[in-house]
Amino acid sequence: MLRERPRVCKLLIRMSLRTALLLLVLCSLPFWNISSVAEAAHVTDTMSIYSGGQRVGDSVYTITKDGDSSEVFEKTSIRIKLLDKVQDISTEGTYHLTGGELKSFEYEFDSPSGGMKLTGEKAEGGYRIKTDSVSGGSELFFKTSSSPIPAALIPEWLSSRELKPGAEYKVPVMDPLTIVTGGDENALQTVHRVKGREKVEVPGLGGYDAWKIVSDISGMEMTSWLTDSGLVIKQEMPPGLTAYKDAGADNGGLGIFDITNLTSIPSNVRLDDPRGTTYLKAEISGLPPEDGFNLSDGYRQFTDGDTIEIKAEGADGNGSYETPYKGGLEEYMAPGPLVDSEAPEIAAASSEITGSEKDAAKAAALINDWVFRNIKKEGTASVPNALDVLKTRSGDCNEHSALYAALARAAGIPTKTVSGTIYIDGRFYYHAWNEVYVGKWVAVDSAFGQMPADATHIKLIEGNLNDTSRIMKAVGKINLSILEASR
């Protein structure tokens with residue numbers, strides 16, 4: 001079973017990066033009052049990020065003001081282990097405001113395994129955004145009627161509100177990653193709840209009596225502590241990351257953030273042939289009931305209370321059709337965020353792979369086999385763009401599922417992207433795969449070359465990459481017990 005580990009993507013890596021690289025800047029600076037910010041021409045502050053007691057990264061921000069104009073700079077870096085590779089990754093954003101309104105921004109996700117640059121400009125009804133990655137450039141329009149602010153300005157915004165236990169505040173925050181991964185205007189809305197006061201010890205700085213604030217951003221949750229003077233001194237976020245106000249001491253070299261053990265779920269039994277499992281019955285608990293987890297889909301997964309049954313069934317040929325599908329399901333046929341099924345390169349590759357095959361089930365199998373054989377399995381810290389994957393020919397499960405969805409939709413086959421857990425070597429790991437409609441919905445895992453995907457694939461979420469962030473609320477809370485498994 002150990003040989004299977006390199007094929008398992010770390011879905012939580014992507015979500016953890018969004019947590020570490022986006023959310024750390026959310027409350028990682030003093031809660032300046034409005035007048036003090038107006039008087040300060042240049043303000044800088046940093047925080048150190050820890051995992052398991054080791055410093056694994058840093059977050060820094062700078063606010064520069066010149067009259068009615070201001071510039072906000074944010075950068076977060078983290079050292080992370082992806083499968084067998086250790087990589088230093090970072091995000092860097094610069095935001096330009098006039099009169100408190102965000103007018104433009106530049107944003108960069110930098111990683112040895114694939115980066116992305118974005119630039120945005122205010123326009124009527126939203127923002128015009130250009131993206132640039134290894135496969136080239138593209139443009140999109142993000143529609144919003146709200147006026148989002150950079151994360152680093154949330155303290156200034158909150159400082160004008162009265163902090164008291166039970167108070168709740170909402171403000172839209174500009175997050176380029178949320179936009180490019182398919183989030184809408186509502187996804188930018190952040191919620192901050194004041195829980196009360198607690199004693200907090202900060203390494204190198206001593207003890208503080210601070211406010212405890214729980215923030216919800218794009219379905220992810222983090223906790224911050226701030227003093228009466230408005231200084232955020234500590235943060236906690238899944239899975240197992242803690243950030244402290246930097247005391248200025250020499251912290252030495254960086255440790256490594258390895259999320260595998262922090263996020264996997266132990267199994268109560270070991271399966272001898274998990275990839276051959278066609279039926280699974282298990283008890284599952286700990287999922288937040290309000291966050292849209294899709295445990296019962298009516299065709300593959302069925303629930304009764306905390307009990308879930310999964311039947312891995314393939315295409316039987318009776319309900320298949322000639323592509324392209326003409327019976328509806330348009331949302332699963334159309335191009336989506338990072339799944340540009342209408343791109344000429346994707347269309348050409350899909351046509352070459354399927355050739356003259358028009359039977360949907362057979363064409364879906366051809367695409368699955370091609371992606372499995374041609375995409376190198378390796379941990380990838382990147383935004384999984386199907387066009388990028390087609391060019392680089394490498395990636396983890398996110399890259400496999402994005403490319404498969406694009407190729408299958410280009411072939412006229414309705415395709416979903418789903419995420420959940422998969423059993424490997426005594427534990428359940430977070431994973432992403434696809435479902436295709438070939439007269440019925442069939443689970444397909446191109447990272448493992450499976451059609452149908454085995455029954456240890458437990459689906460939690462359907463949707464684009466941004467939707468998967470909801471899983472972060474369940475990390476460390478899910479309990480799984482296998483009741484029955486068979487071939």
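The values are calculated or read from the model by the stated rules, or taken from the named source; none is laboratory data. This structure is a prediction, so every number in the text was calculated from the model and none was measured. Quick reminder, even Gly has a Cβ in these numbers, built from the backbone with ideal geometry, and neighbours come from all protein chains shown.
Could you list all residues from segment 385-400 that are crowded, with 24+ Cβ neighbours inside 10 Å and β-branched (Val, Ile, Thr)? Correct list: VAL389 only. Condition test on PHE428, is it assigned by TED's automatic domain parsing to the domain that holds ASP340 and either without any contact (Cβ under 8 Å) to a residue 24 or more places away in the chain or over 18 Å from ASP369 (Cα atoms) (or both)? Yes: the conditions hold for PHE428.
Kindly indicate the residue of segment 73-99 that is in a strand (DSSP E or B) and over 24 Å from the mean Cα position of the chain (by Cα) and also farthest from ASP175 (Cα to Cα) among those meeting that condition. Only one residue fits best here, namely THR98. When restricted to residues that are under 22 Å from GLU71 (Cβ atoms) and surrounded by 15 or more Cβ atoms within 10 Å (Cβ to Cβ), segment 132-142 contains 1. With respect to the conditions (1) under 16 Å from ALA406 (Cβ atoms); (2) touching a Ser or Thr at 6+ places or on another chain (Cβ under 9 Å); (3) of a type outside the set (Ser, Thr, Tyr), GLU352 lacks only one, and its number is (2).
Summed over segment 61-107, residues that are in contact with a helix residue (DSSP H, G or I) (Cβ under 9 Å, 6 or more places away or on another chain), among the hydroxyl-bearing types (Ser, Thr, Tyr) and more than 30 Å from ILE259 (Cβ to Cβ) total 1.
Of all positions in segment 231-247, none carries a residue that is modelled with pLDDT of 85 or more and loosely packed, with under 13 Cβ neighbours inside 10 Å. Per this entry, TYR404 is not counted among residues that are surrounded by 24 or more Cβ atoms within 10 Å (Cβ to Cβ), of a type in the set (Ser, Thr, Tyr), over 22 Å from SER113 (Cα atoms) and in contact with a helix residue (DSSP H, G or I) (Cβ under 9 Å, 6 or more places away or on another chain).
So that you can scan it fast, the table gives a plain yes or no per residue for (1) closer than 15 Å to TYR423 by Cα; (2) out of contact with any Asp or Glu (no Cβ under 9 Å at 6 or more places or on another chain):
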{"position": "ARG275", "(1), (2)": "yes, no"}
{"position": "LEU280", "(1), (2)": "yes, no"}
{"position": "GLU283", "(1), (2)": "yes, no"}
{"position": "TYR299", "(1), (2)": "no, no"}
{"position": "GLY314", "(1), (2)": "no, yes"}
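Taking segment 100-177 and the strands (runs of 3 or more DSSP E) fully enclosed by it, the elements with 1 or more residues that are among the hydroxyl-bearing types (Ser, Thr, Tyr) and either in the same structural domain as PRO384 (by TED's automatic domain parsing) or modelled with pLDDT of 90 or more (or both) are at 101-110, 116-123, 126-133, 168-172. Can you pull out every residue in segment 143-182 that is of a type outside the set (S, T, N, Q), over 27 Å from ILE233 (Cβ atoms) and buried (at least 22 other Cβ atoms within 10 Å of the Cβ)? Scanning segment 143-182 gives PRO176, ILE179, VAL180.
I'd like the full set of residues that are more than 27 Å from GLY67 (Cβ to Cβ) and touching a strand residue (DSSP E or B) at 6+ places or on another chain (Cβ under 6 Å), limited to segment 90-117. Answer for segment 90-117, where residues must be more than 27 Å from GLY67 (Cβ to Cβ) and touching a strand residue (DSSP E or B) at 6+ places or on another chain (Cβ under 6 Å): SER90, THR91, GLU108, PHE109, ASP110, SER111, PRO112, GLY115, MET116, LYS117.
The test for being out of contact with any His (no Cβ under 8 Å at 6 or more places or on another chain), free of Cβ contacts under 8 Å to residues at least 40 places away in the same chain and assigned by TED's automatic domain parsing to the domain that holds GLY319 holds for ASN374. On the stretch given as segment 308-320, residues that are modelled with pLDDT of 95 or more and either more than 31 Å from the chain's Cα centre (by Cα) or not charged (D, E, K, R) (or both) total 3. Inside segment 335-370, residues that are among the acidic types (Asp, Glu), more than 14 Å from PRO414 (Cα to Cα) and without any contact (Cβ under 8 Å) to a residue 60 or more places away in the chain make up a count of 2. Of all residues in segment 351-360, at least one satisfies being surrounded by fewer than 24 Cβ atoms within 10 Å (Cβ to Cβ), of a type in the set (Gly, Ala, Ser) and outside any loop (DSSP other than H, G, I, E, B). For segment 158-180, filtering for residues that are closer than 30 Å to GLU331 by Cα and either acidic (Asp, Glu) or in contact with a Pro (Cβ under 6 Å, 6 or more places away or on another chain) (or both) leaves 4.
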